[in-house]
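K.L.:
Let me begin by handing over the structure; questions about it come next.
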Amino acid sequence: MSDIVTVENMCLWYGEHQALKNITIKIPQKSITAFIGPSGCGKSTFLKSLNRMNDLIQGVKITGDVKYNGKNIYDPSVDVNELRREIGMVFQKPNPFPMSIYDNIAYGPRTHGIRNKAKLDEIVEQSLKDAAIWEEVKDRLKKNALGLSGGQQQRICIARALAVKPKVLLMDEPTSALDPISTSKIEELTVKLKEEYTIIIVTHNMQQAVRISDQTAFFLLGELVEYGNTETLFSTPKDQRTEDYITGRFG
Amino acid sequence: MQEGKISKRRRMYEALMKAAMWISVACTCALVAFLILYVLVKGLPHISWSFLSGKPSYLSGNIGILPDILNTVYIVLAALLVVLPLGVGAAIYLTEYAGNKQVVGVIEYAAETLSGIPSIIYGLVGMLFFCQFLNMKTSLLAGALTLVIMNLPTVMRTTQESLKTVPWSYREGAFGLGAGKWRMIRTVVLPGCVDGVITGCILSVGRILGESAALLFTAGFAHALHGIVNGLSSSGATLTVALYVYAKEQGEFEVAFAIAAILMVLTLVINLSAVWVGRVFEKRRRI
């Protein structure tokens, strides 16, 4: 399995505060990688730096290499919009736009120049099917997406991200605002999606990491403490801090 | 019984406060109602079709306010046409693009101060700058441009405030899909702040309708009947200025009250239509 995202000696500062320290990690394609760790450990920050969402925050400085398909994404020649098309994102709180379900899904394709109605229809249907929500919304595509439940909204957001045909999907605690049933639906969906996409998911929930991920990375105070096969990491952690965290001694 | 005493005192206090509030409400309502009724009773009987559709003539002694109505419409249209793009554009730049938050703060503060300045000062500046320096003479256009400066802070600030209410998560969502900044603003942020722009519009139109001091210097007092192009380049009185002129210079109080009644009805119509426009947009967003 080849690595789609490789990071070497990456450091990140918010102004004077160093939020990430010397992160080195290789993420294989078409698999699920989970980032775990206590609040404020830098896992979300790291996730957002993989498609340069951190650019939106003032005073962020990054050193080291973050490579996607072998190319440094912080190189000045990189088109950020194109990068974010390839590396999509699903946010912690469902954030569908205040428009119809159809327009939500079509937003990305339209942004990237697809105007043909038939083509858009096809993309919308396929994306909704891929996000396992087609059956629930197919009769009300013209209704405002904000009228859906939280779990449905989050799947709309996943469908919206899929509609631009990304290679990598970053998920920032996508189930933390959802009920258990919605959560398990999203988990099932995520596992299905890894056949086609590379998924990187930040989670607070260690059971979730165990249930769905292939690799797990444990972050603490801005450092990547341990990274490896999920089963191995949870059954025989190498680092004392990892063991303390996964056995619930802090966090 | 200590408790009984306290609760009795409390009940008295409650009743007292409630009565005080009722009195203030009654006073406010009575004042507003009195004002409206007084103006309508004094003004409405003098409104007739010939009054509305005629133009004044010193020769025949005829009084008509059609030129003033048209002047008002021209000046409102001209001012809005300039102030909306400027104000909304400035608001977008300041909230979405400007990096230096300190400078933005200073500009916001300056805008707020500007909107509190007495309008006669705008009139003075408008007269010196537009009428004399830019050689527009006393004209509706000069008046409209003066009103643009006067209303720019209002439009900018209301738009800015409503831009700020668009959740950050919408912007994030759009960026996350690879949308560029302008596309994000156009498709996600602007539709969410239509109501703010409309509010700015209402406030501006209200202010333009009610403005006399700034226009006395810049737009003049003429009552000639013009089309919009000629009208903008020549001197003309808006309804409010005409009211002032009729009451103060000619002692025609009946005419002044009639104009006042018309102005009040106009304001009401504008406010209602703005509310209606806001609802239409809201509905369109919900579908």
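The values are calculated or read from the model by the stated rules, or taken from the named source; none is laboratory data. These figures come from a predicted structure and were not determined experimentally. Neighbour counts are summed over all protein chains in view; Cβ atoms, including those assigned to glycine, are modelled from backbone coordinates with ideal geometry. For accessibility, only protein heavy atoms count, side chains too; no ligands or nucleic acids. Shrake-Rupley method; radii C 1.70, N 1.55, O 1.52, S 1.80 Å.
K.L.:
In the set A:Ile4, A:Ile23, A:Ile36, which member is β-branched (Val, Ile, Thr), buried (at least 17 other Cβ atoms within 10 Å of the Cβ) and touching a Pro at 6+ places or on another chain (Cβ under 8 Å)?
P.N.:
Selected residue: A:Ile4, the only one of A:Ile4, A:Ile23, A:Ile36 that is β-branched (Val, Ile, Thr), buried (at least 17 other Cβ atoms within 10 Å of the Cβ) and touching a Pro at 6+ places or on another chain (Cβ under 8 Å).
K.L.:
Tally the residues that are closer than 19 Å to A:Pro166 by Cβ and of a type in the set (Lys, Arg), restricting the search to region A:100-129.
P.N.:
Of the residues in that region, 3 qualify.
K.L.:
Would you pick out the residues in region A:43-84 that are within 8 Å of another protein chain (Cβ to nearest Cβ) and either touching a His at 6+ places or on another chain (Cβ under 6 Å) or at pLDDT below 90 (or both)?
P.N.:
Selection gives A:Leu56, A:Gln58.
K.L.:
Looking for whichever is within 14 Å of chain A (Cβ to nearest Cβ) and within 21 Å of the chain's Cα centre (by Cα) here; the options are B:Val194, B:Val205, B:Val188. Which one fits?
P.N.:
B:Val194
K.L.:
Could you check region B:172-287 for helices (runs of 4 or more DSSP H) lying wholly inside it with 3 or more residues that are closer than 30 Å to A:Gly147 by Cα and without any contact (Cβ under 8 Å) to a residue 40 or more places away in the chain?
P.N.:
Correct list: B:181-184, B:253-286.
K.L.:
Residue check: is A:Lys185 surrounded by fewer than 22 Cβ atoms within 10 Å (Cβ to Cβ), more than 18 Å from A:Asn51 (Cβ to Cβ) and basic (Lys, Arg)?
P.N.:
When the stated conditions are applied, A:Lys185 passes them.
K.L.:
Show me the helices (runs of 4 or more DSSP H) found entirely inside region A:163-251 where at least 3 residues are closer than 30 Å to A:Ile133 by Cβ and touching a helix residue (DSSP H, G or I) at 6+ places or on another chain (Cβ under 9 Å).
P.N.:
Passing ranges, in order: A:180-193, A:206-212.
K.L.:
So which of A:Lys129, A:Lys93 is under 15 Å from A:Gln152 (Cβ atoms), of a type in the set (D, E, K, R) and either within 13 Å of chain B (Cβ to nearest Cβ) or touching a residue at least 40 places away in the same chain (Cβ under 8 Å) (or both)?
P.N.:
The unique qualifying residue is A:Lys93.
K.L.:
Here's a follow-up. Filter region A:207-247 down to the residues that are at pLDDT below 90 and closer than 11 Å to A:Gly37 by Cα and list them by number.
P.N.:
Within region A:207-247, A:Ile246 is the sole residue that qualifies.
K.L.:
Counting only residues that are touching a Gly at 6+ places or on another chain (Cβ under 6 Å) and at the interface with chain A (Cβ under 8 Å from one of its Cβ atoms), how many does region B:158-185 have?
P.N.:
1
K.L.:
So if I check each of A:Ala132, A:Ala163, which one is closer than 28 Å to A:Ala34 by Cα and modelled with pLDDT under 90?
P.N.:
Only one candidate qualifies: A:Ala132.
K.L.:
All but one of (1) in contact with a Gly (Cβ under 6 Å, 6 or more places away or on another chain); (2) under 22 Å from A:Lys194 (Cβ atoms); (3) assigned to a loop (DSSP other than H, G, I, E, B) hold for A:Asn95; which doesn't?
P.N.:
Just one mismatch for A:Asn95, condition (2).
K.L.:
Could I ask something else about it? Would you confirm whether any residue within region B:19-37 is at pLDDT 90 or above, surrounded by 11 or more Cβ atoms within 10 Å (Cβ to Cβ) and assigned to a helix (DSSP H, G or I)?
P.N.:
yes
K.L.:
With the structure loaded, tell me whether B:Val155 is touching a Gly at 6+ places or on another chain (Cβ under 9 Å), in a helix (DSSP H, G or I), open to solvent by less than 50 Å² (accessible area, probe 1.4 Å) and within 14 Å of chain A (Cβ to nearest Cβ) or whether it fails that test.
P.N.:
no
Here is a yes/no grid of residues against (1) modelled with pLDDT under 85; (2) open to solvent by 70 Å² or more (accessible area, probe 1.4 Å):
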site: B:Leu209; (1), (2): no, no
site: B:Ala219; (1), (2): yes, no
site: B:Ile228; (1), (2): yes, yes
site: B:Val265; (1), (2): no, yes
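K.L.:
While we're on this one: From B:Tyr109, B:Tyr74, B:Tyr93, grab the single residue that is away from every other protein chain (no Cβ under 14 Å), within 30 Å of B:Arg183 (Cβ to Cβ) and aromatic (Phe, Trp, Tyr).
P.N.:
B:Tyr93
K.L.:
While we're on this one: Restricting attention to region B:163-171, does a residue exist that is in contact (Cβ under 8 Å) with a residue 60 or more places away in the chain and either touching a Pro at 6+ places or on another chain (Cβ under 9 Å) or open to solvent by less than 20 Å² (accessible area, probe 1.4 Å) (or both)?
P.N.:
yes
K.L.:
Report every pair of residues separated by at least 6 positions or lying on different chains whose Cβ atoms are under 6 Å apart, first residue within region A:187-207 and more than 28 Å from A:Gly40 (Cβ to Cβ), second among the aromatic types (Phe, Trp, Tyr) and surrounded by fewer than 23 Cβ atoms within 10 Å (Cβ to Cβ).
P.N.:
Between residues of region A:187-207 that are more than 28 Å from A:Gly40 (Cβ to Cβ) and residues that are among the aromatic types (Phe, Trp, Tyr) and surrounded by fewer than 23 Cβ atoms within 10 Å (Cβ to Cβ), there is no close pair.
K.L.:
Against the conditions (1) within 11 Å of chain B (Cβ to nearest Cβ); (2) over 17 Å from the mean Cα position of the chain (by Cα), where does A:Gly108 fall short? Just the number, please.
P.N.:
The one condition A:Gly108 does not meet is (2).
K.L.:
Considering only residues that are within 10 Å of another protein chain (Cβ to nearest Cβ) and more than 14 Å from A:Pro96 (Cβ to Cβ), which ones fall in region A:143-171?
P.N.:
Those that are within 10 Å of another protein chain (Cβ to nearest Cβ) and more than 14 Å from A:Pro96 (Cβ to Cβ): A:Val164, A:Pro166, A:Leu170.
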